[in-house]
Structure formats: structure tokens, C-alpha cells
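A short worksheet on the structure shown next.
The values are calculated or read from the model by the stated rules, or taken from the named source; none is laboratory data. Only a predicted model underlies this, so the values are computations on that prediction, with no experimental measurement involved. With ideal geometry, Cβ positions are generated from the backbone for all residues, glycine too; neighbour counts draw on all protein chains shown.
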Amino acid sequence: MARSPFMTPRRVNWRALGPSLGASVMLLAAAFSPAALAAGAPADVARKDTLIISEFGPGNTELQDPQNMNPYSLGGLGRVRGILNKTIYEFLYLYNHNTGEQIPWLAQSYTVAPDAQSVDVTLRPGIEWSDGQPFTSDDVKFTLELLRDSPTLVFAADIKEWVKDVQVTDAQNFRINLNKPNVRFFYFYFVENSEIHLPILPRHIWQGQDPATFTNFDLATGSPVGTGPYVLVDASGQGQLFDRNDKWWAAKTGFQALPKPLRVVFVSPGAADTAAARTINNEFDAAAIMQPGVFETAHARNPNVVSWNTSGPSWGAPDACLYTLGLNTKWGPMADVRVRRAVQHSINRQKLVDLAYEGATVSQVIPFSTYGGLVAYQTQVQGLIDQYKPDDPDSTKAASDMQEAGYTKDSAGFWSKNGTRLTTDLLTPGWLKPIGPVLEKQLRDNGFDVTFKLFDPDTNPYFDIVRAGKGDLWVIVHCGSSNEPYGTLQHFHSKYNSPAQGQQNNYVWANSQYSNPEYDGIINQMDGILPSPTDATYVDLTSKAVNIFLRDVAEITLAEERHVVTFNNTYWTGWMNVSNPYAAPYSLWAPFILSMLKIEPGAGQ
Amino acid sequence: MSLAYVVRRLGVFVLVIVVAVSINFFIPRLRSTNPIEARMNEYAAQGGGNAAASMKALIVVYNQKFGFDKPLWEQYVNYWRDLARFDLGTSVAFFPGLVRDEILRAAPWTIGLLAVSTLMAFFIGSVLGALLAWPNTSRLFSIFVPVLMTLSAIPYYLLGLLLIYLLALVWPILPTAGAYTSGARLALTWPIVGDIVRHAILPAGSIILAGIGFWGLGMRAMMVTIMGEDYMILAQAKGLRSPTIFWRYSLRNALLPQITGLALSLASIMSGALLVEIVFAYPGIGYLLYRGISGNDYFVIQGVTLFIIVSVAFALLLLDFIYPLLDPRIQFRRS
């Protein structure tokens, strides 16, 4: 038998093993050297011509439904917001959340009828689908009436509630007739395009298909067919690849120039730390959101990694949502407004922001974001804020309110009434977990026997409790309007209340169970008026609603939700930021397409 | 090996699968959350469905579509009926995607990564562990003991993060994450194959580094036991050469329990290495299962766990059949 070169009868022969290992290491080093890696680049479009967008939130490792391009089947909204709304589909209007500007896109104009029962829309001329067919009013009619008549589709019930029919005047003009008046219908479903998207479908492709199961995916035939500047060329669990459509209608008509990136790639970011490393390594151009501290580290390692603000600690951008302490105003101990006031006096918002979010956002006391459209209203209700002083952390005032409500402190220092201690859970979904422990501490320091209860990662039980009026206190983001007070203030209308405790309410963000006929009346009036900060009637109604909101502590607005969105200037520059706010910086929202049209090649590596 | 034993063993195999699949069917349903309502909540949280009727209408429609409106026993019977047709159902979260397709899409990545890394960890760990116990090995080799012990105690996802930091950030010679270069199209070409291998080095490396310790320490313990066996003394007395004793007498005998462990490890590959997949953004099956659980997607949970159960049960079955071939001392027959 031949002797092993590594072994002698007595011991391992290190002299033989050493050179062999050394040779192996050298071979590996040569195989994976930067030069070898560059030479072996497997992508058929150069990195410098490729725009890589990672999924918005870190954590995912693979794309959901990579080969399902149906925007309206179950889960369709996620597909639209993830990939389709900036590549395949365009929208009648886009919207700049920072300024409140409505940007005509596929449509040139719209007019709401005086009775708010219909909307007249004019399309831009020369729009084509990616297969060369003309985009016409018939496609809009087909889409809206398909939604109206197909209960299994996303937004179907909304459209069935509002849309009577679509009346086509000609290829460019149509009228949407509504079942009942709604001054905001067109804005809500066709202009803002952030949380709600209604892409228009090509009738010649979709007619005759089962809209609930049609995957709208066939690369051989160019499907999905849309009007957008890109076409799908590949899709797998790791990524979706879209190549530029050089025959894009907007470039042909001169409406827009072709975008510079030849290929757009969507990938999953991986864990938060991995996503940060990949961003630092210039693997992503539009990256996932980061925690402020992580962003600062990434920016220090690679100055090309940037965010919305150019200086900290508040690097992030608003998103029309507010960090909020929800209160059950109908059932349980929080039904007493004096207890709600005491809770509010127990909270130190600035400390909360500093501890939970490293000072990366601003405290807020009414449910208005700092978007331009809303700031105009906030200044007009500042007097009410000064009057009620909701941001007034004061243990003495908290104690006074509790005593007025009939509570006394028990031997353990917690508030009790008739021998029963006020004990409750502070319900907190996983994505808001930084807030929970801080609020718990502040409330316990003021005598509330509150326990932070986390729901992570499954938040369904949390929503089951909160939406059915079974919780007392919960942390939530209250998302509402991005351009006028009505969008958020309406959530305190009693129409959103649960029919009875234990039954789910009608809307996910309207959980206060607040009921006040006077308030309902104000909201009903606002419902029929188009918003304007210069309209005295609208502003007066806003003031009245805010007055009641603050007086009755319908909920406790804590701070603005701000996301540290990240971009990388290495390969592409010209991203939106606080100095160049041409669109909100969220890759989930349709106006993000504006950045894809504006970015220019960077210096590269 | 008697026919009766084979039949009995096959019966146990079927019984294990039936019981496991039944448990697997009922446990997710013990949760109070309805998967359709959960999906709708997610959808509502994204901003959809402002009309009061939206959610309720969709929930009713999809509950009927998925059969959640039927009594539990009827769902159970239907599940077995579908299973008999190799139909694992339609995913709730990936509707209208079939669970089978989702598994087939994710499985190759996981199997490829974990099979190679498990085998490599096994072979390297076992040989190193055997050398550690071998009296003729250089004393320098003993430095591997604390290294192996340390590595076996570190979770592989932490090793993964460490590898990313060292080899992707500080000394960027390997890609940070992903299964292949973002922007590339999957095709059976050498550049793509090389790209996939290159992307697999860090995730596989983290599993191998953690696994070497596990296999190495196990092997070392077995070798120490075997050193005192009579046949080892006889081999030395016969004057056999050291490598012959090492490879043929000690290593081969010490490997038997290791092979049991290897079979189980290979069989459980289908469950994926969730944390490695998350850390390295690897599009594998572990994450599919995780998402199925967090999304109350009964059909995905059932589909993936069915694969795991069948894999483990089949591996054990196979092991029982091939053990006598590996170790002639083991025989399955009536005494």
C-alpha cells in the first residue's frame, strides 16, 4: 500500500502539508482576487448602468412572488409598491408629499363636479403600452369596472362602494360617475399614490382572464405589459430585473427623457447588519432604511451613503405617520378623560425621542406630519396647542388628574380605585419596540401599573385586541393624510367604532373608539369640502376638531415617524433630499419614479 | 435482514409520517388567528381597504376559497385527499402561487448550500477530531482543541457576521450576501456557476466553521474510546503501519455514530438554516418556512414541514437498512 504523503508512521508530516495548504490558499486568493472577480462579472449589463434597489425594510432574504405580477390579486398591493409602481405601471397623477404639488402624469387634468358625484378626466395624448398598443379611456373603464365587479380583488370593495360606472367620451376623455358624493375620490385613489395604488390595466391583455389568479407574467410575450419606462426581463427569488424600454411613450412624445439606468434590479436586503454592509460596499443604490446609529456608522465608512437630511441626528424623512399612544376612550380605565390627561402628563416626549430613537425625530402633539401641505394648517391651530399644552410632563398634574378621577396610590405606589389597582398592558407591535420600554418606565414612574407587552414578529394578535376595543393602551403609528387635516382627524369619527367591545372596527388606524356627536358633525362637514389652508370654513372646522381632540385627549400623539432612508451616490447621484425635495424618498411610493428619471451617473468606484 | 423486519420498519415509517403530518395540520390551527384575516390586516396596514366593506367582503370570499369556512374535520379530510394527489395547496401569502412551486423554487438553494457545507464540516471535522485523539499526532496539533471547542460554541450566524466583517468589509474579497450577483440572470454558464460558488463561500464557511467543532469533538471522543479496544492492541501487536491502523481500524470504527448524525443532519437540510439565510440574504427554504409561520400560511408550513418529516423519516429508514452493511456486527433478525 502506498504511503500517504501527509503521514509518517509516527506523526503528521507538516513539511508536506504546509506547501500543499499554501498552494491551495494562493490558488483561492488568485481565483477571488478583485481582478479575477471583475473579469468574471456575470451580469450582462455593467454595474455602472444598473440601478439596484433593495427592499425597503431589512430582514427579508427573498422576494415574495417574484413571478406574480398581478397588481390586484391577494397581496397585489405589496407587488405594486415593491416593484411595479416605478417600472411597469404609471399612474394618472403623481404627488410631491413635501410640497403638496399634484403632478399630472398619464392624465393631463381632472375636474371634480360641483355635486362631487363625478370626475372628468383628460388623458395625455400619445400614451402607449409597452407592446405598442395605445393606452385609452377604455383601459381605465375596463380597470375600474373590473374592480367594481370582482370582489376577490384588492380595492374591489372600495371601488364598488364609490364607482357607479365610467363613461368614455373619447380615447382621451372619460367621466367617473360615483354612487355618492366624494370630493376626495380622485385625489385619494389616483393622485397621492403612496399607500394606495390603482394601476390601469391593458384591456387587450386582461380581458377574458380570471383577474384573481392571472399571474400577468410571461417573459416570452413581454408580459407584464405596462406603460412604464422599464420591461421585466428576469425574475427569481433573489431578484427581479427590468431593462429600459427605449420605446417608452413619454420619451417618444417628449414628455420625459429616457431614464439613465439601463437596468433596474430589485433585491432583498437580508438582515439589517448585512443590508448596512451591502450599502457600504456599494451593492445598493437605493437601500433599506437604517437605524440612525447604523446610518452614521455607514456614512462614516462610506461618505457616498446619504439620507434625506444632510446632518443629524434627525437624518430621516417624514412619512405622514405619527408615533402614537392609543387610548381606549370607550371601555376600561382610559374611558375617563381625567385618566387620559394624567397619562399625557406622565409622558416626556423629548426623553422618549432621545432614548427610543436616538433623537432622530421631532416630538409632535397633534396628528399632523411635517409635510408641507399640513404645516400650513398646524400654524393656524398653534393657539389651541398653546392653550391645552399637551406636551407638559408634570407628575404633580398627573397626580391631580388621577385624584380628581377618584384614584389613590396603594402601598406599592400605584394608582388604585375602590381597592382595585389600575393594571394594564402597554401593547406594542414589533416594529415600534423601541418606544415600549421607555413609555412603560415613564408611566410606572407616575404610578401606572403598566407592563410593556411586545407582539413580534406576528402582530395579528395585537391588531385583534386593539381593533376590537379590548386594549387600554397601545403604541401605534397613526397614519393619515399627507396634505390636509381631515385625512387623520376623520379617524375619531364614531363611524369607525367597534359595534360592541370584542368586535373588530372598520379601519386599522381608527382604534380610539371615540364617540362624540359634535365631533362627528364637524367631520361630516369637512367631508364635503375640498381642503385649502386659505378657506376660512375649512380652517374653522379644522380648529374646532383639533380643539375637541386636544380637550378630550382622543389619543396621545408622541412624535413624528421618520425613516432613515438611504441612498448611495457612488454609481448614481441626484437623489431627492431635504435640499432637493422633488419627491418623498420612499421607494415604495409611486413618485419614486421621478428619482429614476432624474438620477445621473456618479463617479463610480 | 428478514422480510418481516423490513415490513415492520416500513410500517413504522408510514405511521411516523401520518402522526407527524396530523400534528402538523392541527398545531397551526390552534392559533386564534385566521390566516385570511391576518393577510387582510397586513394589507390594511399597508393602506388598502378604506371602505368598511372591503375587508369583510374579502375575508368571506377567501375563507371560502381556502376552505377555512368548513369544519376542522372536513379540512383535515380534504388535506389528506389533496396530499394523496401530491397537491400541497395554494399559499395564502403567495396567492395564487402553489406551495409546491414555492418549495421547489427555494429548495435548490438550501439543499445546495447545506448539503455541501454539512458534508465538508463532517469530513474536515471528523478527520481533525480523529487526528486530535491519535497519539502519534504532533503536539502542535493540540492547538486545534481550544479552537474547535470555541468554534462549536459560536452560533453560525455570529460567525457569518464576523466573516462578512472580515472578508467583505475590511478585506473585501468576497461578496457580502445574496446567492449570486445582483443584476445577473440565472443560467447554466461557467461565470454564473463560479459566481454562485463565490457567493456561497461565506454562508457555507460560517456553517462549516461552526460544524467542524461539533463533528471534531464528537469524533475525538469516539476515537479515545476506540483506542482501548482489543482489536487496536491486536493491530499494533501485528506490527501494522500507523496510517493503516489510523484509517482502517480506528477512524472507520469511530465513524459509525458520526454517520448516524450525518444522516440526520443531511435529512434535516430541508428545514434550512434560517439565520444564515437571513444574514446572507440567501433565498432558501428556511426563510420560506419562517415567513409561512409568521404569516399564518398554513399551507406553506404544512408543505415545508412535510418535506422535513419525510426527509428525516426516510433518512432513518435508510440508515436502519444500510447500518448492517457498514457494521457487520449489527444484524436485524430474530434471535
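Which ones in region A:499-526 are without any contact (Cβ under 8 Å) to a residue 60 or more places away in the chain, within 14 Å of chain B (Cβ to nearest Cβ) and either assigned to a helix (DSSP H, G or I) or over 23 Å from residue A:185 (Cα atoms) (or both)?
Those that are without any contact (Cβ under 8 Å) to a residue 60 or more places away in the chain, within 14 Å of chain B (Cβ to nearest Cβ) and either assigned to a helix (DSSP H, G or I) or over 23 Å from residue A:185 (Cα atoms) (or both): A:499, A:502, A:503, A:504.
I'd like the full set of residues that are in contact (Cβ under 8 Å) with a residue 24 or more places away in the chain, in a loop (DSSP other than H, G, I, E, B) and within 14 Å of chain B (Cβ to nearest Cβ), limited to region A:143-171.
A:150, A:152, A:153, A:154, A:155
In this structure, does residue A:174 turn out to be of a type in the set (Phe, Trp, Tyr), assigned to a helix (DSSP H, G or I) and touching a residue at least 40 places away in the same chain (Cβ under 8 Å)?
No, not satisfied.
Do you know which of the residues in region A:220-247 that are among the acidic types (Asp, Glu) and part of a strand (DSSP E or B) is modelled with the lowest pLDDT?
Among those that are among the acidic types (Asp, Glu) and part of a strand (DSSP E or B), it is A:234.
Which ones in region A:568-594 are farther than 25 Å from residue A:322 by Cβ and outside any loop (DSSP other than H, G, I, E, B)?
Passing the criteria: A:568, A:572, A:573, A:580, A:593, A:594.
Checking residue A:250 against (1) modelled with pLDDT of 90 or more; (2) in a helix (DSSP H, G or I); (3) within 14 Å of another protein chain (Cβ to nearest Cβ), only one condition comes out false. Which one?
Residue A:250 satisfies every listed condition except (3).
For the list (1) over 21 Å from residue A:64 (Cβ atoms); (2) among the polar types (S, T, N, Q); (3) in contact (Cβ under 8 Å) with a residue 40 or more places away in the chain, I need the number of the one condition that residue A:238 fails.
The failed condition is (1).
Consider residue B:92 against the criteria (1) of a type in the set (A, V, I, L, M, F, W, C); (2) buried (at least 20 other Cβ atoms within 10 Å of the Cβ); (3) more than 9 Å from chain A (Cβ to nearest Cβ): it satisfies all of them except one. Which criterion is unmet?
Every condition holds for residue B:92 apart from (3).
Quick one: which residue in B:129, B:97 is within 29 Å of the chain's Cα centre (by Cα) and modelled with pLDDT of 85 or more?
When all the criteria are applied, what remains is B:129.
Which number in (1) within 14 Å of chain A (Cβ to nearest Cβ); (2) over 21 Å from the mean Cα position of the chain (by Cα); (3) over 30 Å from residue B:25 (Cα atoms) marks the one condition that residue B:146 misses?
Checking residue B:146 against (1) within 14 Å of chain A (Cβ to nearest Cβ); (2) over 21 Å from the mean Cα position of the chain (by Cα); (3) over 30 Å from residue B:25 (Cα atoms), the one that fails is (1).
If you take the residues in region A:154-182 that are β-branched (Val, Ile, Thr) and modelled with pLDDT of 95 or more, which one is farthest from residue A:72 (Cα to Cα)?
A:169
Please verify whether region B:230-241 includes one or more residues that are buried (at least 20 other Cβ atoms within 10 Å of the Cβ) and either part of a helix (DSSP H, G or I) or free of Cβ contacts under 8 Å to residues at least 60 places away in the same chain (or both).
no
Conditions tested, residue by residue: (1) buried (at least 24 other Cβ atoms within 10 Å of the Cβ); (2) more than 27 Å from residue B:185 (Cα to Cα); (3) within 14 Å of another protein chain (Cβ to nearest Cβ).
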{"position": "A:207", "(1), (2), (3)": "no, yes, no"}
{"position": "A:221", "(1), (2), (3)": "no, no, no"}
{"position": "A:243", "(1), (2), (3)": "no, no, yes"}
{"position": "A:282", "(1), (2), (3)": "no, no, yes"}
{"position": "A:292", "(1), (2), (3)": "no, yes, no"}
